[in-house]
Structures are given as structure tokens and as C-alpha cells.
Amino acid sequence: MFSSDTMSIGDWWLFFILMIIPIVNIIVFLIILFSSSVNRSLKNMLLAMILPGIILIVLVVFFGLGSGLLDYLLPN
């Protein structure tokens with residue numbers, strides 16, 4: 001699945017349909033990320049999709065813990 005050099009329009013449609021289905025999208029996502037024979041542009045697109053989410057999670061945790069720590073260190 002998705003291992004050819006170029007992906008056809010049908011391949012892209014199949015990919016987007018699989019990404020809509022809950023639970024299946026996580027499985028397909030992990031298969032594509034950890035497979036070595038998958039189309040490189042598809043793998044890069046998945047990494048580009050997940051990178052902003054990872055950055056946001058790190059920022060929320062950092063600023064959330066930071067504000068909680070400041071609240072603890074600087075009581076009113």
C-alpha cells in the first residue's frame with residue numbers, strides 16, 4: 001500500500017478516506033511512519049502534519065507547568 005514512486009489520484013483518495021475513519025487512521029499513520037517501503041512524499045506529509053501538534057503539546061506543557069510553578073513560587 002502506497003509504495004510506488006508516484007501516487008495516483010486514487011491512492012491519495014484512499015489515503016484521505018482512511019484518515020477519516022477513527023482508529024483506522026492511527027493504525028495507517030503508524031504503518032506509514034514505520035515502514036521503509038512507503039512513498040517518501042507521503043511520509044514527509046505525515047511528518048509535516050504531526051509536527052505542529054507536537055510543538056503545540058510541548059508549548060502547552062511548558063507554559064502550563066511554568067505558570068503553575070510561578071503560582072506556587074509567588075503566592076499572593
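Across the stretch 30-76, which residue is surrounded by the fewest Cβ atoms within 10 Å (Cβ to Cβ) among those that are hydroxyl-bearing (Ser, Thr, Tyr) and farther than 20 Å from Ser8 by Cα? Give the derivation first.
Going through the stretch 30-76, the residues hydroxyl-bearing (Ser, Thr, Tyr) turn out to be 35-37, 41, 67, 72.
Going one step further and asking which of them are farther than 20 Å from Ser8 by Cα, we end up with 67, 72.
On the way: Ser67: 10, Tyr72: 8.
So, considering only residues that are hydroxyl-bearing (Ser, Thr, Tyr) and farther than 20 Å from Ser8 by Cα, the one surrounded by the fewest Cβ atoms within 10 Å (Cβ to Cβ) is Tyr72.
Ile27: under 18 Å from Asp11 (Cβ atoms) and surrounded by 10 or more Cβ atoms within 10 Å (Cβ to Cβ), yes or no?
yes
A short reminder: the numbers here are calculations on the coordinates, not readings from a lab. Bear in mind the structure is a predicted one, so any value in this text is a computation, not a measurement. Because the Cβ atoms are built from the backbone with ideal geometry, glycine has one as well, and the counts that use them run over all protein chains shown.
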